[in-house]
1. What net charge do the residues around Ala6 carry, taking every other residue with its C-beta under 13 Å from that of Ala6, with Lys and Arg at +1 and Asp and Glu at -1?
2. Between Met9 and Leu49, what is 0.36 nm times their sequence separation minus the Cα-Cα distance? Round to one decimal in nm.
3. What does the charge count around Ala27 come to, taking other residues whose C-beta lies under 13 Å from its C-beta (Lys +1, Arg +1, Asp -1, Glu -1)?
4. Using a cut-off of 13 Å between beta-carbons, work out the net charge of the residues near Leu71 (Lys and Arg +1, Asp and Glu -1, Leu71 not included).
5. Of the accessible area of segment 1-46, with the probe set at 1.4 angstrom, what percent is carbon plus sulfur?
Amino acid sequence: QYGSSAMVMDQRLFVTFNPFNVYVTQADTKPGCVLRQSNVVSVLEDRRLLEKNEVAACKNNMNTWAFVGDLEDRPQLSCVYKSQDAQNEFLSDPRLGLGEDVYDNDLAKAEKVSNAKKVKQ
């Protein structure tokens, strides 16, 4: 009603330095919503979920707000940044690999070069 439905994944990374190791928790998946910028004030500020300075700080960085939970019962709010690098690989050739591919920036060219899965090393 106020923006786009989203699937929210909470996950933690623990990095040790001596010795260097990376530990990853299982992702916790929840339903959420990314608000349209035009709805931020009327939805969050008018409900006193955010102060004007919080809304302004997020907006100044060209971001918007997202939430998990019920707006009427202490939602978890996050200032979110829209990644310009995001690609919907469901709509492209999945044979090019998962995650970051060597050819992410030029999928059309990659399809001509090779149909094999090539992943960054």
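1. Around Ala6, the surrounding residues sum to +2.
2. 12.2 nm
3. 0
4. Here the count lands on -2.
5. 54 percent
The values are calculated or read from the model by the stated rules, or taken from the named source; none is laboratory data. Just so we're clear, the structure is a prediction, and the values are computed from it rather than from any experiment. Here the Cβ is made from the backbone with ideal geometry for all residues, glycine too, and neighbour counts use every protein chain on show. Side chains included, ligands, DNA and RNA excluded: accessible areas come from the protein's heavy atoms. Shrake-Rupley method; radii C 1.70, N 1.55, O 1.52, S 1.80 Å.
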